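Participant: Dropping a structure here in structure tokens format, bear with me for questions.
The values are calculated or read from the model by the stated rules, or taken from the named source; none is laboratory data. Since the model is a prediction, treat every value here as computed from it, not as a measurement. Neighbour counts run over all protein chains shown; Cβ positions are idealised from the backbone, glycine included. Quick note on the areas: whole protein, heavy atoms, side chains included, nothing else; ligands and nucleic acids left out. Shrake-Rupley method; radii C 1.70, N 1.55, O 1.52, S 1.80 Å.
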Amino acid sequence: MEKMVIEGGYPLHGRVRINGAKNAALPIMAACLLTKGTSKLKGIPDLTDVKTLCNILNELGVDTVKCPDGSLEITVKEEKNITAPYDLVRTMRASICVLGPLLGKRGMAKVSIPGGCSIGSRPIDIHIKGIESLGAQVDVKDGYVIATGEKLKGSVVDLGGPYGSTVLGTCNVMMAAVLGEGRTVLENAACEPEVQDLANFLNKAGADISAIGEKNIIIEGVDELNGIEYEIIPDRIEAGTFMIAGAITGGSIVLENDISCHLTSVVNKLREMGVEIQVSAGKEEFNGVKNGECTVKSDGNIKPANITTLPYPGMPTDMQAQFTALLSIANGTSIITERVFPHRFMHVAELNRMGANIRNEDAIAIIKGVPSLSGTTVMASDLRASASLIVAGLVAKGITEIRRLYHIDRGYEKLEDRLTSLGAKIWREKE
């Protein structure tokens, strides 16, 4: 086991390139189960979640080859196996996204109910309801979702849930429907850029999906999909995390390969908090949207703010923990309301160990800013909580040690090396 060690107090300066989006890469990798031939995916980040999904795809008869240029080639070799076993699925919730393509292409799927981050209840009932609406028979037995349906038929599917649209549920039902018969309408579909990226990949492979990015997605079934070359969009959550790291340390950093329009809510909130952000367009294009550079400057004096997490285009729940860390040193009292995962506040106790003054009441965190944080030993409970503790450690006085480090490697590629290149004092040690 390793731990992250941070000596706080060093402002970040320099340039850093944003990697491809984990939450786009994983469903697109799963979607390759629907295709014939080889797909070459560019911008796939080097993460443990990606390696886990490669292992699951290998189990399902798919070859995955990492190319010298960093891209990933995916080829379906045989389609006999329809089981994604517990030992592979248990560590990553996104593993459930093989359910839709297995069912849509092979007519049957047996997928272990997944694990992942401990951020509260995240049932898959909407996934199940969605594929049942397409004519599948579904049984949940011995910890597995078992779905059968030789030829799925188009239908109207409502994907709305108690806390908004389901991102992975939208991805799963979309993938199940593209090879089905007739028209499928996904009502209350998730609009996140990662969902749009999946739809764009599927269309380039031969699917017929329209109204992408809207609440009602329309899918006309096609007979087959073919392997293609495709580049994953930049990771907006990684970009947002670096923005907050720059802001909390009073630094000046430039993010390369950033699509700021995917982060409008984050950018606007940081500006409201006194952080200077300048955006310029780049030359690379992702399905009509250009990437660019984003310059983040801060003097370390953070204004308090009220934040409510919401489905896209609202404030991402995956940025809530990082904002909690930033607001812990703001000049006043802030309130964060979590509308997506109401119990996603396990990082609060660890931030309080560092000297923060945060009170959690149900789905609300009340944050009274303190002059400074102090380094100590803390425990990461999930991926984004890990990021918030690293952000806090960058500004805390003294040494911070973060344990359960495996969470961070699920979503951030070589984070300590990239922060070091910006001037942070951060390294790994054996526990």
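Participant: In the chain, with Lys and Arg counted as +1 and Asp and Glu as -1 at Cβ, which of these residues, Leu53, Ala424, Leu88, has the Cα nearest the positive end of the dipole, that is, farthest along it?
Facilitator: The residue sitting farthest along the positive end of the dipole is Ala424.
Participant: According to the square roots a ≥ b ≥ c of the eigenvalues of the Cα gyration tensor, what is the shape class of segment 292-386, taking rounded for a/c under 1.5, prolate for a/b larger than b/c otherwise, and oblate for the remainder?
Facilitator: Values: a/c = 1.35, a/b = 1.05, b/c = 1.29.
Cα axes put segment 292-386 in the rounded bin.
Participant: Could you give each residue of segment 416-431 its phi-based ³J(HN,Hα) in whole Hz, using Karplus coefficients 6.51, -1.76, 1.60 with θ = phi - 60°, and x for Gly or Pro?
Facilitator: With coefficients 6.51, -1.76 and 1.60, one gets 5, 5, 6, 5, 4, 5, 9, x, 6, 9, 8, 7, 9, 9, 6, 6 Hz.
Participant: What angle do you read, to the nearest 10 degrees and between 0 and 90, between the alpha-carbon axis of helix 193-204 and the longest principal axis of the chain?
Facilitator: The angle comes out at about 30 degrees.
Participant: Taking the Cα centre as origin and putting +1 on Lys and Arg beta-carbons and -1 on Asp and Glu beta-carbons, what dipole magnitude results for segment 134-255, to the nearest 20 debye? Before the final figure, lay out each step's value.
Facilitator: Numbers: 7 positive and 18 negative charges, 50 e Å.
Charge dipole, segment 134-255, about its Cα centre: 240 debye, nearest 20.
Participant: Counting only DSSP beta bridges with both residues in segment 50-205, what percent are antiparallel, rounded to the nearest 5? Show your work: numbers first, answer last.
Facilitator: On the way: 17 of 23 bridges.
The antiparallel proportion sits near 75 percent.
Participant: Based on DSSP H runs of at least 4 residues, each adding -39500 (n - 2.57), what is the mean residue ellipticity at 222 nm of the chain after dividing by all its residues, to the nearest 500 deg cm²/dmol?
Facilitator: Only helices count here, giving -8000 deg cm²/dmol.
Participant: Hey, if you put +1 on the Cβ of every Lys and Arg and -1 on every Asp and Glu Cβ in segment 263-335, which of Pro316, Ile335, Val275 ends up farthest toward the positive end of that dipole?
Facilitator: Ile335
Participant: How large is the accessible surface per residue of segment 22-69, computed with a 1.4 Å probe and reported in Å² as a whole number?
Facilitator: Values: 1580 Å² over 48 residues.
Per-residue value: 33 Å².
Participant: Would you list, by chain and number, the lysines whose Cα falls below 19 Å from the Cα of Lys141, excluding same-chain residues fewer than 8 positions away?
Facilitator: Result set, ordered by chain and number: Lys110, Lys129.
Participant: Loop only by DSSP, 11 or fewer other Cβ within 10 Å of the Cβ. Give me the trypsin sites (Lys or Arg not before Pro) in segment 19-123 that pass, ordered by residue number. Walk me through the intermediate numbers first.
Facilitator: Numbers: sites: Lys22, Lys36, Lys40, Lys42, Lys51, Lys66, Lys77, Lys80, Arg90, Arg93, Lys105, Arg106, Lys110; in loops: Lys77, Lys80, Arg90.
Listed in order of number, the matching sites are Lys77, Lys80.
Participant: Can you find, among Leu405, Asn19, Pro114, the residue farthest towards the positive end of the dipole of the chain? Put +1 on the C-beta of Lys and Arg, -1 on that of Asp and Glu.
Facilitator: Leu405
Participant: To the nearest 20 debye, what is the magnitude of the charge dipole of segment 217-364 about its Cα centre, counting +1 on the Cβ of each Lys and Arg and -1 on the Cβ of each Asp and Glu? Spell out each step's value before the answer.
Facilitator: On the way: 11 positive and 20 negative charges, 195 e Å.
Roughly 940 debye for segment 217-364.
Participant: With both partners inside the chain, how many of the DSSP beta bridges are antiparallel, as a percent to the nearest 5?
Facilitator: Restricted to the chain, the bridges split so that about 70 percent are antiparallel.
Participant: Moving on. Classify segment 353-419 as rounded, prolate or oblate, taking a ≥ b ≥ c as the square roots of the eigenvalues of its Cα gyration tensor: rounded when a/c is under 1.5, otherwise prolate if a/b is larger than b/c and oblate if not. Intermediate values should be presented prior to the final figure.
Facilitator: On the way: a/c = 2.15, a/b = 1.35, b/c = 1.59.
The shape class here is oblate.
Participant: Filter the cross-link list Lys36/Lys77; Lys36/Lys151; Lys42/Lys430 down to pairs whose alpha-carbon distance in this structure exceeds 21 Å. Display every interim value, and only then the final one.
Facilitator: Numbers: Lys36/Lys77 9 Å; Lys36/Lys151 18 Å; Lys42/Lys430 33 Å.
From Lys36/Lys77; Lys36/Lys151; Lys42/Lys430, over 21 Å: Lys42/Lys430.
Participant: Under 13 Å Cα-Cα from Lys397, which aspartates and glutamates qualify once same-chain neighbours fewer than 8 residues away are excluded?
Facilitator: Glu7
Participant: Could I ask something else about it? Fully extended, how many nm does the chain gain between Glu214 and Gln137 (0.36 nm per residue separation, minus their Cα-Cα distance)? Don't jump to the answer; show the numbers that get you there.
Facilitator: Details: separation 77, 0.36 × 77 = 27.72 nm, distance 2.84 nm.
This chain segment gains 24.9 nm when fully extended.
Participant: Moving on to the next point. In whole Hz, with x marking every Gly and Pro, tabulate ³J(HN,Hα) for segment 230-241 from phi via Karplus 6.51 cos²θ - 1.76 cosθ + 1.60, θ = phi - 60°.
Facilitator: In residue order, the calculated couplings are 8, 10, 6, 5, x, 7, 5, 6, 4, 4, x, 5 Hz.
Participant: Quick one: check the C-alpha center-to-center distance for segment 75-101 versus segment 1-62, whole angstrom.
Facilitator: A separation of 16 Å, based on Cα centres.
Participant: A follow-up question, please. Placing unit charges on C-beta atoms (Lys and Arg positive, Asp and Glu negative, everything else neutral), compute the dipole magnitude of segment 146-201 about its Cα centre in debye, rounded to 20.
Facilitator: Details: 3 positive and 7 negative charges, 43 e Å.
The dipole magnitude comes to about 200 debye.
Participant: Moving on. Please tell me which of these pairs span more than 27 angstrom C-alpha to C-alpha: Lys3/Lys51; Lys66/Lys297; Lys40/Lys283; Lys51/Lys204? Intermediate values should be presented prior to the final figure.
Facilitator: Details: Lys3/Lys51 21 Å; Lys66/Lys297 36 Å; Lys40/Lys283 21 Å; Lys51/Lys204 25 Å.
Beyond 27 Å between Cα atoms: Lys66/Lys297.
Participant: Over segment 380-431, with every protein chain in place, what whole percent of the accessible area is carbon and sulfur at 1.4 Å, could you tell me?
Facilitator: Details: 930 of 1890 Å².
So the carbon and sulfur contribution to the accessible surface is 49 percent.
Participant: Hey, what's segment 146-238 come to in accessible area per residue, 1.4 Å probe, Å²?
Facilitator: On the way: 3280 Å² over 93 residues.
For segment 146-238, the solvent-accessible area averages 35 Å² per residue.
Participant: For the chain, what is the Kirkwood estimate of the hydrodynamic radius, computed as the reciprocal of the mean inverse distance between distinct Cα atoms, to one decimal in Å? Walk me through the numbers before you get to the answer.
Facilitator: Values: mean 1/r = 0.0457 Å⁻¹.
For the chain, inverting the mean 1/r across all distinct Cα pairs yields 21.9 Å.
Participant: Work out, in µm²/s and without decimals, the Stokes-Einstein translational diffusion coefficient of segment 124-176 at 37 °C, 0.692 mPa s, Rh from Kirkwood over C-alpha pairs.
Facilitator: Values: Rh = 11.4 Å.
For the chosen part, D equals 288 µm²/s.
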